[in-house]
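Chemist: One structure is given below, represented as structure tokens, and several questions about it will come after.
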Amino acid sequence: MIRPATPADVPTIARLIRALAEYERLADRVALDEARLRDHLFGPRSYCEVLLAEDAGRVVGFALFFHNYSTFLARPGLYLEDLFVEPAHRGKGHGKALFVELARLAVERGCGRVEWAVLDWNEPSINFYKSLGAEALDDWTVYRLSGEALTGLAGASPTRPSNSR
């Protein structure tokens with residue numbers, strides 16, 4: 001069963017995010033704060049959404065996504081930030097069910113596409129995505145601005161026309 005997350009699911013979502021980080025060999029980078037996650041999912045300004053996969057009443061996977069926008073299509077899209085199914089529950093259709101629901105939401109909301117990134121070494125996921133009909137965008141490179149580079153740039157004085165005459 002696939003369902004939207006509720007505020008009561010935040011501890012479970014946090015558990016799954018940590019499990020994903022372990023799987024991706026990035027656990028040392030997790031600085032997750034559950035209160036902030038709850039606010040970003042369910043607060044006055046929602047930044048993202050989560051779908052949950054359940055098996056026998058237990059949450060075994062999740063998809064966290066948000067809207068982006070394609071200027072070329074002049075349509076919104078969905079960006080899948082994270083998709084994870086616990087290892088013991090893989091191969092049972094939960095990942096595909098999460099993608100089916102994500103695709104349904106994208107079509108229902110008038111989105112032109114769903115996009116995501118995958119680690120180059122993650123062959124099982126790459127093969128799964130290809131089985132769904134996804135294509136790799138090998139001519140694009142993902143860039144990230146974070147930490148001191150982000151805060152430093154945010155504090156830089158932009159060049160603005162002078163108001164003095």
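A short reminder: the numbers here are calculations on the coordinates, not readings from a lab. Note that the coordinates shown come from a computational prediction; the quantities given were computed from them, not determined experimentally. Counting neighbours? That spans all protein chains shown, and the Cβs are built from the backbone with ideal geometry, glycine included.
Chemist: Calculate, in nm to one decimal, what residue 56 and residue 123 gain on full extension: separation in residues at 0.36 nm each, minus their alpha carbon distance. Don't jump to the answer; show the numbers that get you there.
Modeler: Working: separation 67, 0.36 × 67 = 24.12 nm, distance 2.84 nm.
Stretched out fully, the residue 56 to residue 123 stretch lengthens by 21.3 nm.
Chemist: Could you check the simple spin-label distance between residue 153 and residue 66, using points 7 Å along Cα→Cβ, in nm with one decimal?
Modeler: So the label points at residue 153 and residue 66 sit 1.6 nm apart.
Chemist: Given the rule -39500 (n - 2.57) for each run of at least 4 DSSP H residues, summed and divided by the residues of the chain, what is its mean residue ellipticity at 222 nm, to the nearest 500 deg cm²/dmol?
Modeler: -10500 deg cm²/dmol
Chemist: If R₀ is 25 angstrom, what is the calculated FRET efficiency for the pair residue 109 and residue 1, using the beta carbon separation as r and rounding to 0.05? Don't skip to the answer; put the middle values down first.
Modeler: Working: r = 21 Å, r/R0 = 0.86.
It comes to 0.70.
Chemist: Here's a follow-up. Can you give me the convex hull volume of the Cα atoms of the stretch 2-138, divided per residue and expressed in Å³?
Modeler: Working: hull volume 17.3 nm³, N = 137.
Once divided by residue count, the hull of the stretch 2-138 is 127 Å³.
Chemist: Next question, about the same structure. Packing-wise, with mean Cβ within 10 Å as the measure, how do 92-104, 43-55 rank, highest first?
Modeler: Order by mean packing, descending: 92-104, 43-55.
Chemist: A follow-up question, please. In whole angstrom, how far apart do the alpha carbon centroids of the stretch 85-104 and the stretch 109-156 sit?
Modeler: Between the Cα centre of the stretch 85-104 and that of the stretch 109-156, the gap is 19 Å.
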